[in-house]
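The values are calculated or read from the model by the stated rules, or taken from the named source; none is laboratory data. Quick caveat: nothing in here was measured; it's all calculated off a predicted structure. So basically every Cβ, Gly included, is an ideal-geometry build from the backbone, and we count neighbours across all protein chains shown.
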Amino acid sequence: MTTAVPEELTEYPLSVLLTPPDPPAAPVDFDAFWQNTFVEFGSGPVDWEVTEPLEPTPTHRVQRILFASSTGEQVVAWLALPHGPVTRGRVIGHGYGGRTEPDLADLPADTAAIFPVAPGQEANPPGRFPALSARHVLAGIQHRETYSHRYSAADLWRAATVLLDAAPDAAAALDYQGGSFGGGMGALALPWDERFRRASLDVPSFGHFPIRLSRRCTGSGESVRQHLRQHPEVRPVLDYFDAAIAASRIRIPVHVGAAVKDPSVDPRGQFAVYHALAGPKRLTVRGSGHLEGPIEELSDGLFRQATEDFFAAATIDRA
């Protein structure tokens, strides 16, 4: 059940959002934890199989697949492979709740893509983690090794391995794209995997927990905030899954979409991810995030176009 949040608490002046906050303190072994996680889950081969061919598009053939998750289960993904030569690759994350089909609308004709579904999320069969975001965000939170977000981030590495197995030429220009939950998971995954060239993170969640926990919201953060009232001992675990801390380790170019108004993901946390990035970065300021209506539709469209321009520019520079 979501919590109603007064509208005035979901919007901030742009001058406030463009001022970098004090960075959250990273655990002393933050890097070692994630490097070890990558070695454990992201550095080897990944078993996968095609389960169903889908109707091809004019530019791509599409397959539903299963691949071996970091949880030890099989998880669903979709592969989209160009009919013609492959010059780029893309791992595309999703928002909290999962996905039931791939979104192929803006996928360039030369780009091979994989659309993985995070462990426990919709399209996957019931397994280790619950599907409901309010429960998924708390699953395994008692310890950093068991937390659901560790496995969700790790499966992005594994999805990249599957994509490069299916389309080896994509290794020359592998990108990541994800929004909300997928934006936060992308930030956690990117610093440790040198295969990625560029990334686009839209309204990224899980950024700057001191900020994220300071305000009610309508998203998964509210479940965490309420849980900590009864279980304050798990608070240190969250620092290992702070997207703003992880962003300070990302050195590839990153495009961030951050909203000035968002009742689900605190805008201050979104901008904190952008501010923390250690490499070249580009910001698109969105009018809103996680809201229905014409401003949201316009924000979505502008950001998607900016993302395609961002990825395409790197291809032109390399040519």
(request) Could you check Val91 against (1) over 21 Å from His290 (Cβ atoms); (2) in a loop (DSSP other than H, G, I, E, B) and say which number it fails? (result) (2)
(request) Inspect all residues belonging to region 197-215 and state whether any of them is at pLDDT below 95, over 22 Å from Ala68 (Cβ atoms), charged (D, E, K, R) and surrounded by fewer than 23 Cβ atoms within 10 Å (Cβ to Cβ). (result) yes
(request) Name the single residue, out of those in region 132-156 being among the hydrophobic types (A, V, I, L, M, F, W, C) and closer than 22 Å to Trp48 by Cα, that is surrounded by the most Cβ atoms within 10 Å (Cβ to Cβ). (result) Ala153
(request) Please find, within region 66-79, the residue that is nearest to Phe41 (Cα to Cα) out of those that are touching an Asp or Glu at 6+ places or on another chain (Cβ under 7 Å) and surrounded by fewer than 21 Cβ atoms within 10 Å (Cβ to Cβ). (result) Ala68
(request) Go through the residues of region 34-55 one by one and say whether even a single one is surrounded by 15 or more Cβ atoms within 10 Å (Cβ to Cβ), in contact with a Leu (Cβ under 7 Å, 6 or more places away or on another chain) and either modelled with pLDDT of 95 or more or not polar (S, T, N, Q) (or both). (result) yes
(message) Please verify whether Val39 is under 21 Å from the mean Cα position of the chain (by Cα), over 28 Å from Gln270 (Cα atoms) and of a type in the set (Val, Ile, Thr), treating the condition exactly as stated.
(response) yes
(message) Given the options Gly44, Gly127, name the one that is in contact with an Asp or Glu (Cβ under 7 Å, 6 or more places away or on another chain), among the small types (Gly, Ala, Ser) and farther than 22 Å from Gly179 by Cβ.
(response) Gly127
(message) Cβ-Cβ distance below 6 Å, separation of 6 or more or different chains: which pairs start in region 235-249 with a residue that is touching a residue at least 60 places away in the same chain (Cβ under 8 Å) and end on one that is part of a helix (DSSP H, G or I) and surrounded by fewer than 19 Cβ atoms within 10 Å (Cβ to Cβ)?
(response) Tyr240/Phe33
(message) Quick test for you: out of Pro82, Pro108, pick the one residue that is surrounded by 21 or more Cβ atoms within 10 Å (Cβ to Cβ) and modelled with pLDDT of 95 or more.
(response) Pro82
(request) Of all residues in region 251-285, count the ones that are within 13 Å of Leu190 (Cβ to Cβ) and of a type in the set (Val, Ile, Thr). (result) 4
(message) With in contact (Cβ under 8 Å) with a residue 40 or more places away in the chain and among the charged types (D, E, K, R) as the only criterion, which of Arg64, Arg90, Arg99 stands out?
(response) Arg90
(request) Kindly indicate the residue of region 283-319 that is under 23 Å from Ala246 (Cα atoms) and touching a helix residue (DSSP H, G or I) at 6+ places or on another chain (Cβ under 6 Å) and also surrounded by the most Cβ atoms within 10 Å (Cβ to Cβ) among those meeting that condition. (result) Arg286
(request) Can you tell me which residue among Leu188, Leu163 is buried (at least 19 other Cβ atoms within 10 Å of the Cβ), on the phi < 0 side of the Ramachandran plot and out of contact with any His (no Cβ under 8 Å at 6 or more places or on another chain)? (result) Leu163
(request) Report, by residue number, each residue of region 269-319 that is in contact (Cβ under 8 Å) with a residue 40 or more places away in the chain and hydrophobic (A, V, I, L, M, F, W, C). (result) Phe271, Ala272, Val273, Ala276, Val285, Phe303, Ala306, Phe310, Phe311, Ala312, Ala314
